[in-house]
Amino acid sequence: MTAVKSAMLPGDSLLYGHKKPGDFMDCYAKPTACSLEEVAQRMMTFPAWVSQLMRLRNALVKPFGISTHFAASETIGIFPVISRSENEIILGTDDKHLDFRISIMVRDGMAYAATWVRTKNLFGRFYLRAIMPFHILIVRRSVARA
């Protein structure tokens, strides 16, 4: 299995339209022979331990009025589809503590997963810091499934 590596998201990503100074963005990549749709489905199909973490997250943030369910006409996994292009799908949502987007891109035989976050308040900054170790682990393992 090819190792997942930290990477630069290609410059033509739709995600760059959101990024401003102070925003968080990371990206991981690995070679793939799969289509964009297949990569997206593989990345967003989480193992049971991630689903359990999400249930715990939902229980912890619900008292603060943070969204625990993302309503959308189209989703991949649990995340709403925001936009699509020929080689990229953008998932995400906006909430009162932060906005986030996930880019899943397949280009030149590489699968990329990037996350962009804009925090809106102190709780958002705390939340982002608290989930970061889980975020890195989950994203890297998601990309490995591509």
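The values are calculated or read from the model by the stated rules, or taken from the named source; none is laboratory data. Being a predicted model, the structure only gives us computed values, none of them experimental. Backbone-built Cβ (ideal geometry, glycine too); neighbour counts: all protein chains shown. Calculation scope for accessible area: heavy atoms of the full protein, side chains included, ligands and nucleic acids excluded. Shrake-Rupley method; radii C 1.70, N 1.55, O 1.52, S 1.80 Å.
See the values below:
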quantity	calculated
Residue satisfying all of: in the stretch 1-10; farther than 12 Å from GLU88 by Cβ and not aliphatic (A, V, I, L, M); least open to solvent (accessible area, probe 1.4 Å) among these	THR2
Single residue of the stretch 13-32 satisfying the filter (open to solvent by 60 Å² or more (accessible area, probe 1.4 Å) and in a loop (DSSP other than H, G, I, E, B)) that is nearest to GLU86 (Cα to Cα)	LYS19
Residues located in the stretch 33-48, provided they are of a type in the set (D, E, K, R) and either without any contact (Cβ under 8 Å) to a residue 40 or more places away in the chain or surrounded by fewer than 16 Cβ atoms within 10 Å (Cβ to Cβ) (or both)	GLU37, GLU38
Count of the stretch 80-116 residues which are in contact (Cβ under 8 Å) with a residue 40 or more places away in the chain, under 11 Å from the mean Cα position of the chain (by Cα) and open to solvent by 30 Å² or more (accessible area, probe 1.4 Å)	1
Cross-chain or 6+ apart pairs with Cβ under 7 Å, the stretch 117-130 first and free of Cβ contacts under 8 Å to residues at least 60 places away in the same chain, then surrounded by 13 or more Cβ atoms within 10 Å (Cβ to Cβ) and in a helix (DSSP H, G or I)	none
